[in-house]
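These notes are about the structure you will find just below.
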Amino acid sequence: MCKPLVFLVTCLLFASQTVYAEEEHPCNDCHEVDVARFESSPHGSTACVDCHAGAERRHRRGLDAVDCGQCHAEILAEQAVSVHGPDGVQRIPGMALPSCSGCHGDLHAMTPASDPSSPVHASRQGETCGTCHGTGQPAPPGVHTIRPIEAYIASVHAAKVASGEHGASCSDCHSAHSPLPAVDRTSSIHRLNVPGTCGACHAEITTQFEQSIHGLAAASGITGSPVCTDCHGEHRILAVAAEGSPVSATNIPIRVCGPCHSDLRLGEKYGLAAEQVPSYEDSFHGLAARGGVQRVANCASCHGVHNILPSSDPRSHIHPDNVAATCGKCHVGAGRRFAIGPVHVLADDTPNVVAYWIRAIYIPLIWFTVVGMFLHNFLDLLRKTRHPAPRLRRPPEHCVIKERMSLPFRFAHGLAAVSFIALVFTGFALKYPESWWAGLLQLGGTDGGLRGLVHRVAAVGLLGACVFHFAHLAVSATARRQIAAMLPGAADFREFFHRIGYNLGRRPEPPTPVRIGYVEKIEYWAALWGTAITAITGFVLWFENFTLTWLPGWVPEAATVLHFLEAILATLAILVWHFYFVIFDPAVYPMDAAWLTGKPPFSRAEERGEIIYDEPTEQQGGQL
């Protein structure tokens, strides 16, 4: 009885397998699968039972999980110990692990990685990896990099991939199935392995880096030495010329070289010179770079980019035998037509004797002059506030106020005033480019915005005002007589001491009215002096190649110091001295409008004796 039963079961099983084999797609009776898509997929030649073991039998109790390791054992072994595998993330309890279908898509309709429609194609890896690593979202627990996909999408690598060019995708740097944490020494993104990972695409650059002082230090295990990602970033790697790139011309000193070479801890540990960064920032090149000028020497211009070598290496750009060629890239004739001065020298340690004496003289001069002007005007204001003169604010009848500034004088003054204000604003914006007010003129572009351009245009405007002024003097005898009255004399000293005594209460009456006194003379000659000094030094700095070629080596630094200090003195003199007498002096407040109308207010004209009476008045003692 038993043998016939066994025979019957055997026949039934054989028959069912025969029917399954003869039927082309038996699983479609219950499971709808797009046969055409499945057959065109990499798994198209695979039978259902090859992946779904036991499917040839009844499977009411469910099927065993698909084991991709039956065919892809080596890949599954790699993934198992990676950050995506069960053996690699046990330190993060509860963290969901990606599955094969989670990355590759529906296994019945998956496409090869070379197909642009594949979720693991280079152009779509950002989107696929972003399902866990979150574009625009904070990283999940256990993932230490914040918004890596968002950063990658903005990178030059993603842009090249999206345009169909060769560019790095997620798997190119992290590997496809065996990504490891950066702290793992076998990881492709461990700092010791980063140059090799980047070198898969940038072989020539990597070779240069590995032979450089940074590459050799990093390879020897010095963690303070930079590798590719320290300078270029990790995921958001931008093109060199892109705005915001850490390796752009203006950002290299601040965001790349500066953080390490100005770090006191690293400096003490590795013997790095402390003055390198601050001396560059205060130099002609540094100020221009801080102001956003792209076409100016930065750290990489002189030291190299990836092939940075110590100055003692004959291959180094800054080796004594190569310095002339390095500087000559921008300054033709360096080392032959003009000497190359010391580099990375702080202002206080400068060997330039002329610049030293300029500072030694000008800084005390600024303090003495400005404080003296302030005290002079404060005493004048205090006297006029406590003992206001009983003078009329409006001219009485039968009097005429003399014209103080003719139209040519007013034109020259207006042009000079506008130019000077622009020069001051843009000049200090160039000196302190990080200030908020300097940013008002940073309107884009690659050459420092408008600051440098407006500064030079304003300089030409100020010189134009001077040229017009002297041309006016050349053709007008009346103008020459007015300016001749500006020549200083002994009477000016008497007037000065008389006014000081009067303001201190030592004299009962103010000085005798004079049309041109020491106040106006100080303003006029100080303006000419300041214009001459800033113009000469400004041209020295503007045409630096001519300066370096034809003038002694100490001239550029001395001109820089003198230009800046004279600008400070001129600005403070205008604010403290000139603005008081034309705005804040009670005799003219709220303003002396002579620069607009040519005639001063009555009270100021009376103070200077600039009133003509056309009939006898009490003020004139009954005389015309």
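The values are calculated or read from the model by the stated rules, or taken from the named source; none is laboratory data. These numbers come from a predicted model, not from an experiment. Glycine also receives a Cβ, built like all others from the backbone with ideal geometry; neighbour counts cover every protein chain displayed.
Remarks
- Scan of the range 288-299 for residues that are crowded, with 20+ Cβ neighbours inside 10 Å and of a type outside the set (Lys, Arg), ordered by number: 288, 289, 291, 292, 293, 296, 297, 298, 299
- Within the set 357, 367, the sole residue that is out of contact with any Lys or Arg (no Cβ under 9 Å at 6 or more places or on another chain), in a helix (DSSP H, G or I), at pLDDT 95 or above and not basic (Lys, Arg) turns out to be 367.
- The range 166-186, residues that are over 31 Å from the mean Cα position of the chain (by Cα) and within 19 Å of residue 98 (Cα to Cα): 171, 172, 174, 175, 176, 177, 178, 179, 180, 181
- The residue pairs whose first member lies in the range 244-259 and is over 18 Å from residue 308 (Cα atoms), whose second member is crowded, with 19+ Cβ neighbours inside 10 Å and among the basic types (Lys, Arg), and whose beta carbons are closer than 9 Å, counting only pairs six or more residues apart or on different chains, are 244/236; 250/290.
- Check on residue 297, over 17 Å from residue 232 (Cα atoms), modelled with pLDDT under 90 and part of a loop (DSSP other than H, G, I, E, B): yes
- Residue match in the range 460-475 (condition: in contact (Cβ under 8 Å) with a residue 24 or more places away in the chain and either in contact with a His (Cβ under 7 Å, 6 or more places away or on another chain) or assigned to a loop (DSSP other than H, G, I, E, B) (or both)): no
- Qualifying residue in the range 187-196 (condition: surrounded by fewer than 16 Cβ atoms within 10 Å (Cβ to Cβ), outside the structural domain of residue 304 (by TED's automatic domain parsing), more than 30 Å from the chain's Cα centre (by Cα) and closer than 28 Å to residue 86 by Cα): yes
- Test: residue 532 is more than 30 Å from residue 343 (Cβ to Cβ), of a type in the set (Gly, Ala, Ser), without any contact (Cβ under 8 Å) to a residue 40 or more places away in the chain and part of a helix (DSSP H, G or I): yes
- Yes/no for residue 606 being modelled with pLDDT under 90 and either buried (at least 20 other Cβ atoms within 10 Å of the Cβ) or assigned to a helix (DSSP H, G or I) (or both): yes
- Within the range 250-259, none of the residues are outside any helix (DSSP H, G or I) and within 21 Å of residue 345 (Cβ to Cβ).
- Residue list for the range 213-229, restricted to those being assigned to a helix (DSSP H, G or I) and buried (at least 19 other Cβ atoms within 10 Å of the Cβ): 214, 215, 218, 228
- The range 107-155, subset surrounded by 15 or more Cβ atoms within 10 Å (Cβ to Cβ) and of a type in the set (Val, Ile, Thr), residue modelled with the lowest pLDDT: 135
- Yes/no for residue 543 being among the aromatic types (Phe, Trp, Tyr) and touching a Phe, Trp or Tyr at 6+ places or on another chain (Cβ under 9 Å): no
- Qualifying residues in the range 268-287 (those that are over 22 Å from residue 564 (Cβ atoms) and aliphatic (A, V, I, L, M)) - the one surrounded by the fewest Cβ atoms within 10 Å (Cβ to Cβ): 273
- Within the option set 237, 149, being part of a helix (DSSP H, G or I) and either β-branched (Val, Ile, Thr) or touching a Cys at 6+ places or on another chain (Cβ under 9 Å) (or both) holds for one residue only, 149.
- Hits in the range 557-597 (condition: over 30 Å from residue 341 (Cα atoms) and acidic (Asp, Glu)): 585, 592
- Helices (runs of 4 or more DSSP H) completely within the range 1-78 that count 3 or more residues being of a type in the set (Val, Ile, Thr) and either at pLDDT below 80 or loosely packed, with under 14 Cβ neighbours inside 10 Å (or both): 2-22
- Among residues of the range 236-266, those that are under 16 Å from residue 289 (Cα atoms) and among the acidic types (Asp, Glu), counted: 1
- Restricting the range 230-246 to residues that are among the hydrophobic types (A, V, I, L, M, F, W, C) and surrounded by fewer than 21 Cβ atoms within 10 Å (Cβ to Cβ), the residue that is nearest to residue 155 (Cα to Cα) is 238.
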